[in-house]
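Encoded as structure tokens, the structure appears first; notes follow it.
The values are calculated or read from the model by the stated rules, or taken from the named source; none is laboratory data. Note that the coordinates shown come from a computational prediction; the quantities given were computed from them, not determined experimentally. When we count neighbours, we look across all protein chains shown, and the Cβ atoms used for this are built from the backbone with ideal geometry, even at glycine. Note: accessible area is taken over every heavy atom of the protein model, side chains too, but ligands, DNA and RNA are not part of it. Shrake-Rupley method; radii C 1.70, N 1.55, O 1.52, S 1.80 Å.
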Amino acid sequence: MREFRNLTPWMLLLLYAVYLSTTCPTVYVGDSGELTAAAFCLGIPHNSGYPLYCLLGKLLCLIPMGNIGFRMNLMSTVLGVGTVWLIYSLIFRMSSSRLAAFVGAMVLAFIPVFWYQTVSAEVYTLHAFFVALLIRLLWWWDETKEFYRLALFVFVTALSFGNHLQTVMLAPAVLWVVFSGDRKGFFDWRRLSLFAGLFVVALLVYVYLPVRTGAGAALHWGDPDTLDRFLAHVTGKSHRSGYVFNRTWWEYGIRTKDAFLSVVSQSQGILLLALWGWLKLRSRRWQVFFLLVVGFDFFYTVFLNTVSLRVTPFHLPTFGVMAILTGVGIARILTWMEGLPSVGFRSRTLAKALFSAIPGVLLLSNYGQCNQALNYVAYEHGVNIFRTVGQEDTLILDGDNHLFPILYSRIVERAREDVTLYDRQGIIYSMPYLGEKQIVIYGGWEKIRGILEQAIITHNPPGTVFYALFDPSSVIPPSGYRLIPYCLLHRMVRAEEDPVYRVSNLWRYYASESYYDPMQREYLNRQLAAHFFLRFGTSLFQLGDRVGGLKIMKEASRIGYDDEGVHSILGAFYADEGLFAEAKAELEKSSLANTAQDVLQNNWGYYHYKKGDHEKGVEAFRKAAALRSENPLYWKNLGHALYKAGRKQEAVEAFRKSLDLNPNQGDVKDFMKSQ
């Protein structure tokens with residue numbers, strides 16, 4: 001294998017060249033804006049706080065190279081290259097084949113789910129680096145069973161928790177290898193004491209959270225400066241009910257299928273080589289190890305964090321294992337061919353060439369998909385939002401793809417400090433209570449939020465409160481107010497006020513180059529692009545350009561093909577305008593993209609209601625209310641449908657139920673008074 005002896009420097013050079021050519025040049029969509037802002041100001045992002053990531057990111061922020069967003073993206077590039085090198089090192093150690101190690105490592109490098117993590121600021125690249133490092137250290141320890149190697153492994157394991165707690169899912173596999181390899185040595189009390197000490201020392205990185213909270217960091221999610229708030233933030237207590245064991249068995253079955261298909265589609269047939277590599281592992285202990293890694297990775301992905309797989313790459317450890325086993329499988333095939341007298345030099349050379357071509361095929365087929373070198377979508381979105389609001393206005397933000405680009409603009413670039421910011425989750429820019437008298441509020445956050453928002457609206461001059469959100473139906477205006485579209489945003493105005501734009505054709509002043517660029521987009525990029533065209537199209541339509549507006553709205557539907565929110569909003573808009581064929585088509589698309597049956601039933605209820613088929617509307621709204629009885633919107637919609645159907649007493653009961661859930665619905669109160 002002499003001809004492959006110097007592969008490492010060429011591999012690293014190729015990786016840096018490819019990754020840098022595809023790296024996003026500024027802040028990215030999703031969590032990127034929040035994480036970049038947190039690292040820049042040494043703040044605290046969402047749980048678990050990611051102290052190690054923030055500290056490393058701060059070092060990158062100090063490098064004078066490009067903007068802060070690019071510097072943080074560069075950290076992901078460096079960590080991605082480091083991860084691939086660790087996989088290469090491990091495969092070579094396991095197989096003694098540099099060619100097999102090169103191919104296996106580059107398979108991981110150019111699989112989209114991993115490649116995407118190298119182009120933007122995200123914690124998952126550091127997580128993948130730690131997973132690869134821990135498997136490499138464990139193999140190193142298993143070769144000699146030397147104590148200091150295991151001690152180093154324990155320290156690095158605890159340090160990895162300072163980035164992402166998902167590393168704990170390696171525990172069953174690790175304990176299996178250690179116990180089956182050196183059970184007696186592991187249970188020595190002196191060793192256990194040292195391991196515990198090293199573990200605690202590494203976890204001291206979490207002292208960062210209360211220290212930076214007390215120092216007044218610009219971003220201090222969860223305020224973890226007391227023991228209760230610290231534990232709640234680190235363990236994700238506030239999010240657990242929304243993501244952990246919160247689905248039906250049918251939904252878990254669908255998620256398991258989706259997770260499996262995601263791995264199969266990304267691997268492009270390489271799974272067969274990985275399976276062969278697993279079968280040909282010379283150690284049964286390590287066969288069990290890799291099975292446990294993949295099994296518990298799937299368990300975490302399916303049951304313990306049900307964020308959409310379109311958004312979050314939880315199954316990176318599975319792809320790391322696949323890359324390792326692919327390299328081992330190739331090495332075993334090449335060794336087998338070397339031992340066959342009937343296989344000549346040319347055949348062996350051809351086999352090596354074919355295996356060497358695998359990374360090239362992945363590179364060429366996935367380059368366009370992963371190339372984010374011209375992606376300014378998140379940055380432009382933040383710029384456009386601030387261009388929409390005026391001096392001293394108030395902006396209420398909802399949704400990560402609205403909040404996090406603004407967070408980056410405000411904290412990193414100190415943009416529009418004259419604008420008052422609030423977020424509807426109440427976690428970063430908390431909303432104060434501006435009421436004239438003290439009150440006691442009983443109920444969940446949505447009810448409390450409604451009271452706070454209405455006080456903010458009524459205590460500001462009319463027309464100066466704006467919303468950046470994807471779902472305007474989630475806002476309940478105070479009595480005498482209404483929420484109207486205002487270019488990219490929505491604006492709260494008096495009910496009798498005619499909508500007036502401060503700047504004629506504000507769309508001309510928006511930064512929009514990235515929205516029109518033909519680059520391939522993943523889900524979060526598609527969400528912003530689709531909503532941009534949706535808002536632009538509906539604006540044109542309402543201003544009289546029906547043909548142009550419809551054309552752009554169809555483009556929004558095409559871009560957001562799997563975004564149920566886009567199809568739901570378009571369906572409602574078309575229904576309002578009497579375009580029922582178009583409305584039905586959009587709702588059918590929403591049905592394919594959306595698994596939330598209550599939302600689907602509400603959408604269809606609105607369609608039937610606007611079409612004049614009030615009994616069908618009543619039936620659909622009843623189903624929505626039965627599926628999610630705590631949603632006041634469903635009961636309000638049911639009340640309107642019942643009223644139109646002539647069933648006024650039932651309508652009054654539905655309206656009362658809606659007001660019981662949220663008494664701050666001025667439009668419902670006004671409607672009932674008028675009857």
Item to check | 26 Å Cα-Cα reach of K257 towards lysines, excluding residues that sit fewer than 8 places from it in its own chain | outcome: K589
Checklist entry - Gain in length, Y509 to Y252, computed as 0.36 nm per residue apart minus the alpha-carbon separation, to one decimal in nm? => result 88.0 nm
Checklist entry - Dipole of the chain (Lys/Arg Cβ +1, Asp/Glu Cβ -1, origin at the Cα centre): which of F299, F289, V84 lies farthest to the positive side? => result F289
Checklist outcome for this item: A correct Karplus calculation of ³J(HN,Hα) over segment 366-374, with 6.51 cos²θ - 1.76 cosθ + 1.60, θ = phi - 60°, whole Hz and x for Gly and Pro, returns 10, 4, x, 5, 9, 6, 10, 5, 10
Item to check | Per-residue [θ]222 nm for the chain (sum of -39500 (n - 2.57) over DSSP H runs n ≥ 4, rounded to 500) | outcome: -20500 deg cm²/dmol
Checklist entry - Which one of Y422, Q369, T388 is farthest out on the positive end of the charge dipole of segment 357-428, using unit charges on Cβ (Lys, Arg +1; Asp, Glu -1) and the Cα centre as origin? => result Q369
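Just need the Rg to Rh number for the chain, please, alpha carbons only, Kirkwood Rh.
On the way: Rg = 27.8 Å, Rh = 27.5 Å.
Looking at the chain, the ratio lands at 1.01.
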Checklist entry - Mind checking the dipole of the chain: about its Cα centre, +1 per Lys or Arg Cβ, -1 per Asp or Glu Cβ, Debye to the nearest 20? => result 1980
Item to check | Gain on full stretching of the segment that runs from K669 to D613 - 0.36 nm per residue minus C-alpha separation | outcome: 17.7 nm
Checklist outcome for this item: With a Förster distance of 22 angstrom and the Cβ-Cβ distance between W445 and F245, calculated FRET efficiency to the nearest 0.05 equals 0.55
Checklist outcome for this item: Taking alpha-carbon centroids only, segment 72-115 lies from segment 459-496 a number of Å equal to 50
Checklist entry - Quick one: if you stick a label point 7 Å off each Cα along the C-beta vector at L350 and V78, how many nm between them? => result 4.6
Checklist outcome for this item: Excluding ligands, DNA and RNA, the carbon-plus-sulfur percentage of the accessible area of the chain with a 1.4 Å probe reads 61
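How much FRET efficiency would the formula 1/(1 + (r/R0)^6) give for S96 and L152, where r is the Cβ-Cβ distance and R0 is 41 Å, rounded to 0.05?
0.95
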Checklist entry - Measuring from a point 7 Å past the Cα of V211 along Cα-to-C-beta, which residues in segment 56-81 have an amide N at less than 13 Å? => result 56
Next on the checklist: Using only Cα atoms and rounding to the nearest 10 degrees, what angle (0 to 90) does helix 445-458 make with the longest principal axis of the chain?
Outcome noted: 50
Checklist entry - At what distance in nm do the modelled label points of E630 and L20 sit from each other, each positioned 7 Å from its Cα along Cα→Cβ? => result 5.1
Checklist entry - Quick one: helix 284-299 against the long Cα principal axis of the chain, what's the angle to the nearest 10°, folded into 0 to 90? => result 10
Next on the checklist: Using the Cα centre of the chain as origin and beta-carbon charges of +1 (Lys, Arg) and -1 (Asp, Glu), tell me which of V107, L661, L600 is placed farthest towards the positive end of the dipole.
Outcome noted: V107
Next on the checklist: From Cα pairs below 8 angstrom and at least 6 apart in sequence, can you work out the relative contact order of the chain, rounded to a whole percent?
Outcome noted: 12
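On a full-extension model of 0.36 nm per residue, what is the gain between N67 and D562, subtracting their alpha-carbon distance, rounded to one decimal in nm?
Working it through step by step, the gained length comes to 175.0 nm.
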Checklist outcome for this item: Counting sequence-distant residues (5 or more places) and residues on other chains, those with an amide H built under 5 Å from that of Y486 are R491
Checklist entry - Rank K184, K280, K673 by accessible area, highest first, at a 1.4 Å probe radius? => result K184, K673, K280
Checklist outcome for this item: Taking Cα atoms, the helix 377-388 axis meets the longest principal axis of the chain at an angle in degrees (rounded to 10) of 20
Item to check | Virtual spin-label span in nm between Q391 and S308, 7 Å along Cα→Cβ | outcome: 4.0
Next on the checklist: So, for the chain, what is the accessible surface per residue at a probe of 1.4 Å, expressed in square angstrom?
Outcome noted: 44
